[in-house]
Each structure stands twice: as C-alpha cells, then as structure tokens.
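Asker: Below you'll find the structure I mean.
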Amino acid sequence: MPNIDALAERLDEYLEPAQVKAVRRAYYYAEQAHDGQMRKSGEAYVSHPLAVASILSSMHMDHESLMAAMLHDVIEDTQVDKQGLEDQFGITVANLVDGVSKLTHLEFKTRAESQAHNFQKMAIAMAKDIRVILVKLADRLHNMRTIGAMRPDSRRRIAKETTDIYAPIAARLGIYWIKNELEETSFMYTQPESYAEIKGLVAKDRREREKV
C-alpha cells in the first residue's frame, strides 16, 4: 500500500518543493475529511485517493492534478463543499474536484448500454480542463484494481461500465496502457471462463517459448 512519504519522494523528482508540500497538505486534508470511512477491502478510505494520486504521479501530472486526486471524493462523500475546497486550495483545484464529482453523478444516470456513447461525448465535452478526465480515469483504474472486494453482481456491472465507457475514453486520449489494463481487468470479471482459458493458453505458449 502506498504512503504519502513514498509518494512525496517520487514527486521530488519532478515537482518544486512548494508543490510537493501542497500535495501533502491535500492528502492530510483528505485524511481528516474521510476519517472513519472505510473501503470494502477494509482499508482506510484515504488509501484510495492516495493510490489515484500515485497513478497520476507515474504520468508526471502537475501538482494541482495530484491535489485534486487526493480530494476527488471529498465533495461527494464528506461534509466539505466546493466553496470549502476553494477557500483551502484555490479555485483551480476546487474546479477540478467539482468536475470529477459531476462526472460521478453522470455515471449513475447513464449506466444503460445504449447511453454509453452519449456519456463519452458528455464527459469529454463537459470537462473544460482535460485533467478532470485524467483524474477520473485514474480513479476508475484503481477501483478496477481493487474490485475483488465487491459483490459479484457489482463487479460485473462495474466491469461492463468500464468496458463501455472508460476504456474507450482512455483510447480516445491515446493512453493505451490504461485502456489495456481496464479492458483486461473488465474481461476477467465479465467473462471469467474465457479469461481463464485465454490466460492458460498464453501461459502455456510462454512456457514453450522459454524452452526454445
């Protein structure tokens, strides 16, 4: 599990000290705001925004994106509102967090397969700052990495939604490593038997190649 000190060390490689300090402050704010909240896995909820920020750090995203990642569920899941975030972290970070929250609300209204394409268009059109989409993609990526803690029916629904909506958005933005991981993880939960069969064939073929 990542921690804020390890993340800060990585951020020191490409961000200014004041920017790293700002990311740390956003983390501690989120930790306090989500105090007492737990994930399905049993981990403290703040482990999720920290992991989302860690994913974005691997893409060398700017400090405002990382702060928004730390805070992306605060408006949705705590008593803090957009104005509160703006007072603490400025208008840019508050707008990013608000944009991610609005995408989450749209997600709940557009689960039907027939509306998936409309969601893609709305998501990209409404994100005045492309960083909103990137934070949301990193959010979904971490959720897919930890989806095993959810009920089977929830896993199937979220996996299908990921295939229909988020993987195509990642592809449209040219972020193919995210697209590929989202599709592979989704396939594992939507078609587990086919996934196991293909995985076995690939492993067998790899063993044959290693012999050669």
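The values are calculated or read from the model by the stated rules, or taken from the named source; none is laboratory data. Please read all numbers here as calculations on a predicted model, not as lab measurements. Don't worry about glycine lacking a Cβ; one is built from the backbone with ideal geometry, like all the others, and counts go over all protein chains shown. Side chains included, ligands, DNA and RNA excluded: accessible areas come from the protein's heavy atoms. Shrake-Rupley method; radii C 1.70, N 1.55, O 1.52, S 1.80 Å.
Asker: Counting only residues that are open to solvent by less than 50 Å² (accessible area, probe 1.4 Å) and not in a loop (DSSP other than H, G, I, E, B), how many does the stretch 74-85 have?
Answerer: Residues flagged as open to solvent by less than 50 Å² (accessible area, probe 1.4 Å) and not in a loop (DSSP other than H, G, I, E, B) within the stretch 74-85 amount to 4.
Asker: Hey, another quick one. Under 7 Å between Cβ atoms, which residue pairs at least 6 apart in sequence (or on different chains) link something in the stretch 9-20 that is touching a residue at least 40 places away in the same chain (Cβ under 8 Å) and closer than 17 Å to L50 by Cβ with a partner that is acidic (D, E) and open to solvent by 50 Å² or more (accessible area, probe 1.4 Å)?
Answerer: Hits for this filter: V20/D12.
Asker: Restricting to the stretch 10-36, what's the tally of residues that are under 18 Å from the mean Cα position of the chain (by Cα) and open to solvent by less than 50 Å² (accessible area, probe 1.4 Å)?
Answerer: 5
Asker: Is one or more of the residues making up the stretch 69-79 among the β-branched types (V, I, T), in contact with a Pro (Cβ under 9 Å, 6 or more places away or on another chain) and at pLDDT 95 or above?
Answerer: yes
Asker: Could you check, for the stretch 105-112, whether at least one of its residues is under 14 Å from the mean Cα position of the chain (by Cα) and modelled with pLDDT under 90?
Answerer: Yes; the residues of the stretch 105-112 include at least one that is under 14 Å from the mean Cα position of the chain (by Cα) and modelled with pLDDT under 90.
Asker: Considering only residues that are free of Cβ contacts under 8 Å to residues at least 24 places away in the same chain and open to solvent by 20 Å² or more (accessible area, probe 1.4 Å), look in the stretch 91-105 and name the one that is farthest from L7 (Cα to Cα).
Answerer: The selected residue is H105.
Asker: Spot the failing condition for A8; the list is (1) part of a helix (DSSP H, G or I); (2) out of contact with any helix residue (DSSP H, G or I) (no Cβ under 6 Å at 6 or more places or on another chain), and only one is missed.
Answerer: Just one mismatch for A8, condition (2).
Asker: Here is a further query. Which residues, counting only those in the stretch 38-73, are in contact with a helix residue (DSSP H, G or I) (Cβ under 6 Å, 6 or more places away or on another chain), open to solvent by 30 Å² or more (accessible area, probe 1.4 Å) and not charged (D, E, K, R)?
Answerer: The answer is S41, H63.
Asker: Please enumerate the residues belonging to the stretch 151-186 that are aliphatic (A, V, I, L, M) and either loosely packed, with under 13 Cβ neighbours inside 10 Å or not in a helix (DSSP H, G or I) (or both).
Answerer: If the condition is that a residue be aliphatic (A, V, I, L, M) and either loosely packed, with under 13 Cβ neighbours inside 10 Å or not in a helix (DSSP H, G or I) (or both), then L173, I175 are the ones that fit.
Asker: For the structure I just gave you, tell me whether Y189 is over 17 Å from the mean Cα position of the chain (by Cα) and crowded, with 19+ Cβ neighbours inside 10 Å.
Answerer: yes
Asker: Report, by residue number, each residue of the stretch 11-67 that is more than 18 Å from I147 (Cβ to Cβ), hydroxyl-bearing (S, T, Y) and either in a helix (DSSP H, G or I) or at pLDDT below 95 (or both).
Answerer: Y27, Y28, Y29, S57, S65, listed by residue number.
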